[in-house]
Amino acid sequence: MTSFVLKLIALVTMFCDHFGDAFVGHYSFFNIIGRIAFPIFAFQISEGYIHTKNLKKYIIRLFGFALISQIPFHLFLKDFLPSSVGNLNIFFTLLLGLLSMIVFDYFSNAKHKILEKKIFKLKIGPIIGILAVLLISYIGNLLNVDYGYWGVLVIFAFYLFKQNKLMMIMSFICLCIIRYAFDIVSYSVSSQYLCLQYIYLMFATMFPIIFISLYNGKQGPKIKYLLYLFYPIHLALLYLIF
């Protein structure tokens, strides 16, 4: 499965998610389908970091589209998900995920005597790098980026275990359980309906790891700017239509 196919799956399922919010309401079947989108976008960011030829332009591009997308994102939330007004759009999440990988690599690869020392046979550099990633994910939560700390950690996990597919799958499943476990347990007593909805959302969020595992490392047709432009345009159209 090429990067092109993965991106198409992500675009279609993301549209289903937002269409469901606008046309049906939250916690619909469309939202369950929509859980497929973000993990694929997260994986694509980790791949983009590995293969980009110009990291500076990559950062600027993500930040630019984050700014462009914020107004349609805000208008969409205001009309269809008012409880989430004040959140920052998904491009900010992807940007923080990218920064987490950059910072981790900086500390892991820095040639400094202190960073090369070991604690319990582990180098200090990577340990500081992991702590820095956790800090960035926490900042994401404070800024109310879409998917919060979880979104940043998913991006980083895909990168950290890029050479070990089994560890990548297991870490992703664990993160999905962490994301939904509290809601599932808390609603198991007060609302059976919401408990079931969160169970469905959890398994739907796990599902795209199948597509990601089938990725063959090939790019396929390039749709880079279509991917970036589709996000703010479809949010604006849904806001105007509904």
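Readers should treat all values here as calculations from the given coordinates under stated rules, not as data from a laboratory. Quick caveat, the model's predicted, so the values are computed rather than measured. Every residue, glycine among them, receives a Cβ derived from its backbone with ideal geometry; neighbour counts consider all protein chains shown.
Averaging the sequence gap over all C-alpha pairs within less than 8 Å and six or more residues apart, then dividing by the number of residues, gives the chain a relative contact order of 29 percent.
In the elastic network of the chain, a GNM with C-alpha springs shorter than 10 Å, the most mobile of A37, A204, A110 is A110. At full extension, A181 and F203 could sit 6.8 nm farther apart than now, given 0.36 nm per residue minus the alpha carbon distance. Report the paramagnetic label zone for L135: residues of the stretch 151-172 whose backbone N is under 20 Å from a point 7 Å from Cα along the Cα-to-Cβ axis. In the stretch 151-172, the label zone of L135 (backbone N under 20 Å from the point 7 Å along Cα→Cβ) covers 151-157, 160. Among complete DSSP H helices in the chain, those whose alpha-carbon atoms stretch at least 18 Å along the helix's long axis and whose mean Kyte-Doolittle hydropathy reaches 1.6 are 90-109, 124-142, 148-160. Quick check for you: which residues of the stretch 199-239 have the amide N under 16 Å from the point 7 Å beyond the Cα of F4 toward its beta carbon? Flagged as within label range: 215-227. Candidates N31, S108, I9 compared by Cα position along the dipole of the stretch 1-109: farthest toward the positive end lies S108, with charges placed on Cβ. Straight Cα distances below 29 angstrom link K121 to the lysines K111, K113, K162, K165, with same-chain residues fewer than 8 positions distant left out. Distant-in-sequence amide contacts of V145, defined by a placed amide H-H separation under 5 Å and a gap of 5 or more residues or a different chain, comprise L88. Along each principal axis, taking the top coordinate minus the bottom one, the Cα set of the stretch 1-53 gives 42, 17, 13 Å in descending order. Across all directions, the average projected area of the convex hull around the alpha carbons of the chain is 14.1 nm².
Which residue fluctuates most in the GNM of the chain (Cα springs below 10 Å): S46, S213, S137? Largest GNM mean-square fluctuation: S213. Among L135, L226, L95, the largest mean-square fluctuation in a Gaussian network model of the chain, built with springs joining Cα atoms closer than 10 Å, belongs to L226.
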